[in-house]
Amino acid sequence: MLAELRQKAQITIPKEIILKLGLSEGDTLDIFEKDGVICIMPVVVYPKKYLNELRDEIIEVKSKIASGEQPVFDNVDALFDKLEAE
């Protein structure tokens with residue numbers, strides 16, 4: 001598909017691509033150049049507060065794993081076996 005570069009360096013992304021990727025107005029796109037190719041990639045932007053809370057949860061779980069309080073499984077089947085036994 002071809003797209004024309006318009007005033008203010010704007011382009012229109014073809015509707016077929018918008019529908020295929022499930023994009024909608026207000027979505028954030030990362031635009032970058034790689035090896036002479038212009039790449040446009042949809043991204044999700046999370047609030048800093050959410051990322052900080054997630055970091056804190058990860059630190060807590062790592063601490064529980066280190067202390068043996070949090071069980072660790074080698075595979076999903078072992079996890080389900082443990083859950084079924086409870």
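Summed over region 1-23, residues that are acidic (Asp, Glu) and outside any loop (DSSP other than H, G, I, E, B) total 1. Pairs are defined by a Cβ separation below 6 Å, a sequence spacing of at least 6 or placement on different chains, a first member in region 31-47 that is over 21 Å from Ile17 (Cα atoms), and a second member that is part of a strand (DSSP E or B) and open to solvent by 100 Å² or more (accessible area, probe 1.4 Å); no pair meets this definition. Only a single item in (1) at positive phi; (2) at pLDDT 95 or above is not met by Val37, and it is number (1). The residues on offer are Glu53, Glu4, and the sole one that is open to solvent by 100 Å² or more (accessible area, probe 1.4 Å) and not basic (Lys, Arg) is Glu4.
Yes or no: Phe73 aromatic (Phe, Trp, Tyr) and over 20 Å from the mean Cα position of the chain (by Cα)?
yes
Just a yes or no: is a residue in region 71-78 charged (D, E, K, R), without any contact (Cβ under 8 Å) to a residue 60 or more places away in the chain and surrounded by 10 or more Cβ atoms within 10 Å (Cβ to Cβ)? There is no residue in region 71-78 that is charged (D, E, K, R), without any contact (Cβ under 8 Å) to a residue 60 or more places away in the chain and surrounded by 10 or more Cβ atoms within 10 Å (Cβ to Cβ). If we scan region 24-47, do we find a residue that is of a type outside the set (Phe, Trp, Tyr), under 25 Å from the mean Cα position of the chain (by Cα), part of a helix (DSSP H, G or I) and surrounded by 10 or more Cβ atoms within 10 Å (Cβ to Cβ)? Within region 24-47, not a single residue is of a type outside the set (Phe, Trp, Tyr), under 25 Å from the mean Cα position of the chain (by Cα), part of a helix (DSSP H, G or I) and surrounded by 10 or more Cβ atoms within 10 Å (Cβ to Cβ).
The values are calculated or read from the model by the stated rules, or taken from the named source; none is laboratory data. Because the structure is predicted, anything quoted here is derived from the model rather than measured. Please note: Cβ atoms are built from the backbone with ideal geometry, for glycine as well, and neighbour counts cover all protein chains shown. Remember, those area values only see protein heavy atoms, side chains included, never the ligands or the DNA or RNA. Shrake-Rupley method; radii C 1.70, N 1.55, O 1.52, S 1.80 Å.
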